[in-house]
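Visitor: I have a structure here, written as structure tokens, and I will follow up with some questions on it.
The values are calculated or read from the model by the stated rules, or taken from the named source; none is laboratory data. Not measured: the values here are computed from a predicted model. Because the Cβ atoms are built from the backbone with ideal geometry, glycine has one as well, and the counts that use them run over all protein chains shown. Accessible surface areas use protein heavy atoms only, side chains included; no ligands, DNA or RNA. Shrake-Rupley method; radii C 1.70, N 1.55, O 1.52, S 1.80 Å.
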Amino acid sequence: MELASSNVSILYSAAQFLEMEECNNSLETSISKRHLENFLEGIRFWTWFELMEALKQCQELFHSKGYLAILDKIMDEFIERLASPCTITSPYTCSSNRSSFKFSCDTSSIISFSEATWWFEHLLFLKIDLLENVIRKMIYNNFDHCVVSKFLFYYHNSSCVNASQDVKIETMKAIINLLTLLDIESVSCKDLFNLNRVAIGLKVSKFCRNNIESLIGPILDQVTIDYLLLPSPLGKDHAYDVEFVLRVMKIFLLGGGGFEVNLNRVKRVVKMMDLFLVEVAPDPHLQPWEFEELVMVLPDTVRESHDQLYLAMDMYLKVHAGIDEKEKMNICSTLNHEKLSPDILRHLTRNLVFPSETKPRAHVTRHSRMKTLLQENDHLKNFFDSMFGKSLKNIDVKEDVVEKIVYDGEEVKRIVGLEGGTHLACVKKSGVHSMNNNIYLPKFCS
């Protein structure tokens, strides 16, 4: 029989089988096998499509027999062919000499990302068992993890079209396991969220979903608020999946995946979490302890401002007016008045839905006003610091007393001064309180 790339895999496998069986014609078998090995030495001159044909044959044999010696030879040539600069944009050329390699998906690279991924569609014929073999070979040979992860998502999206439920689940499990072998920074968080949505639809095991979440958590800062707005699981009346958000937030804070939780990444996650709180606050099915847990999942130290947090609390307390005072206290006690802007702080002092115990005292309000003045007048900073420091020491005996009386639509302030003198001031009471901060309107209310 004439040797060719289309039959060498079958013949090599047959020769290997006969050699193991030690038949009477073992001498002829040995000669045939050496002839096959000599033929395989010219594999570097095969075209790309001849190589793919041999790999397809190996896949059928690999599925039935397990390990194949010829598969290693074909795989080595396949990996090297992808590494060759002359085959980056064309599958018709031969391979280069073996060496470790690494594609770069950086935009400054000479080789663009699109040029490095031309082979994606050529490998869609791979079945799960051989796919794992191919990916592990790529990782072992220092293939760029960014390219590998993109291929895995491409393979998943393409191979699951018109596939059965069982095949889809099996494919997803294999993809997730292979993604865990990669550097997490090379994996797209947005693609992971899409994978998670598919996993929810397929009703995969909890273990499988936990693996996806363990990949999402460390790189949570890559996405926007829209990705967190997952519908609540079946059996729950919540608008969004609150438990999922809590889990991935905790994974992020723990710094999983070897990622350093630096300040810039934390700021992005804090901003996204505060927007999520505004989104879920109008949900009538969200329990007080659940809202409190969402508020406290991020420590106070990582929030530079509590303005957005206050807006979420205000909305929650107005929608859930029936909760008891203790539950209100538990929620509102997490609000740091020193991290509120002056406008928000003034709004809080007049807000009837907040328990009076959680509202700022007179010296806190005055302290906020003084801080604002200091920021606007840097040249008076030293003077105010010294004066304000002295007044705080005697705050218990020298504190101004402010009384407010509403008369004919006007708010009258009666201020008792330090020396016991009395001053009156009238301020027109507006029907709508205006705050300078941009208010985020949740999708739940729109």
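Visitor: For segment 139-167, how many residues are part of a helix (DSSP H, G or I) and open to solvent by less than 60 Å² (accessible area, probe 1.4 Å)?
Guide: Of the residues in that region, 13 qualify.
Visitor: Among the residues of segment 168-185, which ones are buried (at least 17 other Cβ atoms within 10 Å of the Cβ) and assigned to a helix (DSSP H, G or I)?
Guide: Within segment 168-185, Lys168, Ile169, Thr171, Met172, Lys173, Ala174, Ile175, Ile176, Leu178, Leu179, Ile184 qualify.
Visitor: While we're on this one: Can you name the number of the only condition in (1) over 25 Å from Pro231 (Cβ atoms); (2) not in a helix (DSSP H, G or I) that Glu327 fails?
Guide: Among (1) over 25 Å from Pro231 (Cβ atoms); (2) not in a helix (DSSP H, G or I), Glu327 violates only (2).
Visitor: Right, something else. Name the single residue, out of those in segment 196-217 being touching a Cys at 6+ places or on another chain (Cβ under 9 Å) and within 16 Å of Arg247 (Cα to Cα), that is surrounded by the most Cβ atoms within 10 Å (Cβ to Cβ).
Guide: Ile216
Visitor: Is there any pair linking a residue in segment 262-278 that is farther than 13 Å from Asp221 by Cα to one that is of a type in the set (D, E, K, R), with Cβ under 8 Å and at least six apart or on different chains, and which?
Guide: Qualifying pairs under 8 Å: Asp274/Arg303.
Visitor: Out of the residues in segment 285-322 that are open to solvent by 10 Å² or more (accessible area, probe 1.4 Å) and among the β-branched types (Val, Ile, Thr), state the one that is nearest to Pro233 (Cα to Cα).
Guide: Val297
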